[in-house]
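Novice: I have a structure here, written as structure tokens, and I will follow up with some questions on it.
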């Protein structure tokens, strides 16, 4: 389908998709999945996949510039090799599996991760609230002592844990990974292995790695801008790897690049606006939005 001769409704939809992709990269991870679904409803699915890949790469570059000082290279390098393993597994799986069943499987996994993350966050908040309730009982009042430095440190740690969900006690808590006193990791964490392989598998078979990696970085307790900067670099690398395959399969043609070029200012402007919003959003609000959009993405893959 030649988008340059498409109807005004299709162009308005393309603008909406570009905005959603820009927000996905700069403020609301998971929003792009909604845009991809919308575009695939009005143009051929293969063409929609190729065009959205090009739009996403533009948004990746814009997000990297916007968050150029906010990236955790250690977390990124820890995840990338595992993602490559997932891509290889996904490639093999595509040779024998039905695509619809694969999407539903990934959808189930995403929804399951969201529910687990919510459950762990609720448990951590309950544990944090229990000592606070005990401290306010009448029996404890006469023996109240001035807080020590250790008490203050414990409170800060508990506060962080309540927000980190799956990573409430650091990566080793769920994964069994260990660290030295200086923070040097002794062995590969099963958590990064699990999320990395699943993300690579998902991006290869259904372009659905975003919600999985969002849940991983969310579990690491990243600040909002560090979260967004790290995911921007991760997906630029992944999408550049996938681009030659899309071109060789005819999913993206020269005529498709013209509407993509027209959408560049829309994407860049959206990324810049998203960057400003990310600086101001409360982390609890951000966490809630990411979980909601991840759940929505999972449900979209299920139906």
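Novice: I'd like the full set of residues that are part of a helix (DSSP H, G or I) and either surrounded by 16 or more Cβ atoms within 10 Å (Cβ to Cβ) or in contact with a helix residue (DSSP H, G or I) (Cβ under 7 Å, 6 or more places away or on another chain) (or both), limited to region 68-80.
Specialist: 75, 76, 78, 79, 80
Novice: Based on this model, can you work out whether residue 222 counts as at pLDDT 50 or above and part of a helix (DSSP H, G or I)?
Specialist: no
Novice: Specify which of the listed residues (257, 252) is touching a residue at least 60 places away in the same chain (Cβ under 8 Å), in a loop (DSSP other than H, G, I, E, B) and farther than 29 Å from residue 70 by Cβ.
Specialist: 252
Novice: Scan region 20-29 and give yes if some residue there is at pLDDT below 80, surrounded by 15 or more Cβ atoms within 10 Å (Cβ to Cβ) and either closer than 30 Å to residue 190 by Cα or touching a strand residue (DSSP E or B) at 6+ places or on another chain (Cβ under 7 Å) (or both), otherwise no.
Specialist: Among the residues of region 20-29, at least one is at pLDDT below 80, surrounded by 15 or more Cβ atoms within 10 Å (Cβ to Cβ) and either closer than 30 Å to residue 190 by Cα or touching a strand residue (DSSP E or B) at 6+ places or on another chain (Cβ under 7 Å) (or both), which makes the answer yes.
Novice: A further question on this structure: Can you find a residue that is within 25 Å of residue 98 (Cβ to Cβ) and surrounded by fewer than 21 Cβ atoms within 10 Å (Cβ to Cβ) anywhere in region 187-196?
Specialist: There is at least one residue in region 187-196 that is within 25 Å of residue 98 (Cβ to Cβ) and surrounded by fewer than 21 Cβ atoms within 10 Å (Cβ to Cβ).
Novice: Only one residue in 288, 253 is within 15 Å of the chain's Cα centre (by Cα) and either surrounded by fewer than 21 Cβ atoms within 10 Å (Cβ to Cβ) or within 21 Å of residue 63 (Cβ to Cβ) (or both). Which one?
Specialist: 288
Novice: Select, from 77, 14, the only residue that is on the phi < 0 side of the Ramachandran plot and touching a residue at least 24 places away in the same chain (Cβ under 8 Å).
Specialist: 14
Novice: Looking for something assigned to a loop (DSSP other than H, G, I, E, B), in contact (Cβ under 8 Å) with a residue 12 or more places away in the chain and surrounded by fewer than 20 Cβ atoms within 10 Å (Cβ to Cβ) - is there at least one such residue anywhere in region 84-97?
Specialist: Checked region 84-97: at least one residue is assigned to a loop (DSSP other than H, G, I, E, B), in contact (Cβ under 8 Å) with a residue 12 or more places away in the chain and surrounded by fewer than 20 Cβ atoms within 10 Å (Cβ to Cβ).
The values are calculated or read from the model by the stated rules, or taken from the named source; none is laboratory data. For clarity, every value in this text was computed on a predicted model and none was experimentally measured. Backbone-built Cβ (ideal geometry, glycine too); neighbour counts: all protein chains shown.
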